[in-house]
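A short write-up of the structure that comes next.
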Amino acid sequence: MKSQLQYNRYLKFIDSLKGQAIDGYCEMHHIVPKSLGGDNSKSNLVKLTARQHYIAHWMLWKAYKSKEMTAAFFAMCNMNNQHQHRKFFLNSKIYEQLKIAVSETVSESTKDLWNDPSYRDKHIASNL
C-alpha cells in the first residue's frame, strides 16, 4: 500500500533533479520503477549522483514498503559487483526497519516451499 505523502515527497525530490548537470560519475534511475509499470523511455529516466540514487530508492521504499521496493533498497545498500562497490551506512533505526522488511519478504516468499516435505526435510537436515 502506497503512502501518498511519501510518494509525493519522492516526486518532488526527482523533479528538483531533472536536467541537473553532473560532472563525473552518475547513475540512471527509473522515475517510475519497472516493477510498478515504468519503462526505459527517456521521460522515465533521470541521471542522479550515487547519493541521490540511494536517497531516491530510500524514498521509494518508505512510500511503498513492497517486496520489490524492499529488494531494490536492500540491493542499493549492499551493491557489490564488478561494476560497483557501495558502502552506505544506515543509522540503526533504518537498518532495523530494512532488515525486518527483508526478513518478512523472504519468509513470505519461502512459506509455500516449507509446506513441501522434501524441501523442509532437506533444509532441516542441512542445519543440524
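The values are calculated or read from the model by the stated rules, or taken from the named source; none is laboratory data. Small disclaimer: the values here were computed from a predicted structure and weren't measured. Cβ: placed from backbone, ideal geometry, glycine included. Neighbour counts: every protein chain shown. What goes into the accessible areas is simple: the full protein's heavy atoms, side chains included, and nothing from ligands, DNA or RNA. Shrake-Rupley method; radii C 1.70, N 1.55, O 1.52, S 1.80 Å.
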Discussion item. Looking at the structure I just gave you, is A50 under 21 Å from K93 (Cα atoms) and of a type in the set (G, A, S)?
Written reply: no
Response to the item:
In the set I124, I100, the lone residue that is of a type in the set (A, V, I, L, M, F, W, C), at pLDDT 75 or above and loosely packed, with under 13 Cβ neighbours inside 10 Å is I100
Discussion item. Considering only residues that are farther than 22 Å from T70 by Cα and open to solvent by 70 Å² or more (accessible area, probe 1.4 Å), which ones fall in segment 11-46?
Written reply: D15, S16, K18, G19, A21, D23, Y25, K42, S43
Fill in: Per-region count, segment 44-55, residues in contact (Cβ under 8 Å) with a residue 12 or more places away in the chain and either in a loop (DSSP other than H, G, I, E, B) or out of contact with any Asp or Glu (no Cβ under 7 Å at 6 or more places or on another chain) (or both)
8
